[in-house]
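Asks: What follows is a structure written as structure tokens; I'll ask about it next.
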Amino acid sequence: MVSFHFQEIAGSLHEPSITKWLDAVALSEGFTIDNLSYIFCTDAYLLDMNKTYLNHDTYTDVITFDYVQGKEVSGDIFISQERLVENALSFGVTFEEERLRVMAHGLLHLLGYKDKTTENQLVMTNKENEKIKMFHVEP
């Protein structure tokens, strides 16, 4: 089950299409989704979480809490709505594409991908691009 929440912000998305896509992303890597929550929030909310849980005093676009058991994906993915807007402008992409990229990024972490080294970052970016191409909005 995939759920979507908005913490301290208003927002919406096409949940059926995104859920179908996330299921396909997990399946393409040999996983199934058990219980996955996306929480869209403010910069301040995510900064507080970053300080509290990771001892980082920096803004970030996504924080992932991993509860994966074997090949069943469970986790909480917190995403800063403000970072999505800023990133989209910086990268010259639409807000929707940036949201998909960051959503894929968080899920890829739960699927075992890392991004701490330059080599891992390149693999992560390539996987993000591959997974974004899998997204199709259903009529």
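The values are calculated or read from the model by the stated rules, or taken from the named source; none is laboratory data. Owing to the predicted nature of the structure, the values given are computational and were not obtained by experimental measurement. Counting neighbours? That spans all protein chains shown, and the Cβs are built from the backbone with ideal geometry, glycine included.
Asks: What residue, among those in region 112-139 that are part of a loop (DSSP other than H, G, I, E, B) and closer than 23 Å to His14 by Cβ, is farthest from the chain's Cα centre (by Cα)?
Replies: Pro139
Asks: Another one. Just for helices (runs of 4 or more DSSP H) wholly inside region 1-110: which have at least 3 residues that are among the β-branched types (Val, Ile, Thr)?
Replies: Values: elements: 15-28, 43-54, 81-91, 95-110.
Fully inside region 1-110 and qualifying: 15-28.
Asks: Can you tell me which residues in region 52-71 are at pLDDT below 95, out of contact with any helix residue (DSSP H, G or I) (no Cβ under 9 Å at 6 or more places or on another chain) and not polar (S, T, N, Q)?
Replies: Tyr53, Leu54
Asks: Ok, one more. Within region 83-110, restricting attention to residues that are crowded, with 21+ Cβ neighbours inside 10 Å and among the small types (Gly, Ala, Ser), which residue is nearest to Phe135 (Cα to Cα)?
Replies: Ala104
Asks: Which residues, counting only those in region 4-44, are farther than 17 Å from His105 by Cα, hydroxyl-bearing (Ser, Thr, Tyr) and out of contact with any helix residue (DSSP H, G or I) (no Cβ under 9 Å at 6 or more places or on another chain)?
Replies: Ser12, Ser17
Asks: Residues of region 82-101 being among the hydrophobic types (A, V, I, L, M, F, W, C) and in contact with a helix residue (DSSP H, G or I) (Cβ under 6 Å, 6 or more places away or on another chain), which ones? Reasoning before the result, please.
Replies: Narrowing region 82-101 to residues among the hydrophobic types (A, V, I, L, M, F, W, C): 84-85, 88-89, 91, 93, 95, 100.
Leu84, Ala88, Phe95, Leu100, listed by residue number.
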